[in-house]
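Structure first, commentary second.
The values are calculated or read from the model by the stated rules, or taken from the named source; none is laboratory data. Everything quoted here is computed from the prediction, not taken from an experiment. Here the Cβ positions follow ideal geometry from the backbone for every residue, glycine too, while neighbour counts run over all protein chains shown. When the accessible area is computed, the model is the full protein with side chains, heavy atoms only, and any ligands, DNA or RNA have been set aside. Shrake-Rupley method; radii C 1.70, N 1.55, O 1.52, S 1.80 Å.
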Amino acid sequence: MSGVQILALLGGLVGLGAAIGATVSNEWRVTSRASSVITATWVLQGLWNNCAGNALGALHCRPHHTLLKLDGYVQACRGLMVAAVCLGFFGSVFALVGMKCTTIGGTDKSKARLACCGGVHFILSGLCSLSACSLYAHRITAEFFDPVSMSQKYELGAALFVGWAGALLCLAGGGTLFFSSVGSCTDRRPQSRYVYRGAGTRSRVTSSATRGPPRPAGQRPPHPRGSSSSGTKNFDKSLYV
């Protein structure tokens, strides 16, 4: 079980790294070479910068100086990717503490709950990243196949594919981590308790040991010493009186 949790954590961490790389990348969309006459230069656009490059290797980037004039889908993708990174970070912390191979986190049940919480965070991180990349890709394809639009045509950038791959890894890692720990969270079997009975048990054992072996059925207990003779004398004296 701990090996499955380690693989799930590694998948979530790789997915988190892919989400971070896609967030800071400038290649969310690139100019289409099919509709451009000049192919020696191209334009790259990301969530934070606009870049222009040429065949000589020069690349010049300019950040988005405005926030309110940005398109709504760009702002939505920004928020979703930032949320994906934050959720993935907290999911990594919860999963690391809740794994069975670590010595922190408290009891097994509390560690299982932390692991389940980490899996849920990874799943939410993957959903946020998947939604952001899909929304951005939908906008690119809608503008590309729009026959009325006369603006520059763009194609899908490499950051979208990185974001999709990271989202799938987060979903797979989070789901594996959740389902591998949810059984321990809902386990209601009574735990074994050790009761210390004190010196009473020892005294009972000692008294039973001093009694000697058990007597066979029908055998009378032996009389104490001197009791038989004194009893006989008292009986004889009562007869003579």
Response to the item:
Residue count, segment 1-33, condition over 14 Å from the mean Cα position of the chain (by Cα) and of a type in the set (A, V, I, L, M), comes to 7
Item to complete: Please work out if C86 is of a type outside the set (F, W, Y), part of a strand (DSSP E or B) and surrounded by 10 or more Cβ atoms within 10 Å (Cβ to Cβ).
Response: no
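Let's see how each residue does on (1) surrounded by fewer than 17 Cβ atoms within 10 Å (Cβ to Cβ); (2) within 18 Å of G91 (Cα to Cα); (3) not aliphatic (A, V, I, L, M):
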| position | (1), (2), (3) |
| --- | --- |
| H121 | no, yes, yes |
| L156 | no, no, no |
| F161 | yes, no, yes |
| L169 | no, yes, no |
| F179 | yes, yes, yes |
Item to complete: Show the residue pairs that are 6+ apart or on different chains and have beta-carbon atoms under 8 Å apart, the first residue being within segment 133-157 and free of Cβ contacts under 8 Å to residues at least 12 places away in the same chain, the second being open to solvent by less than 60 Å² (accessible area, probe 1.4 Å) and part of a helix (DSSP H, G or I).
Response: S149/E143; S151/E143
Worksheet entry | Criterion violated by L67 - all others in (1) assigned to a helix (DSSP H, G or I); (2) among the hydrophobic types (A, V, I, L, M, F, W, C); (3) open to solvent by 50 Å² or more (accessible area, probe 1.4 Å) satisfied | (1)
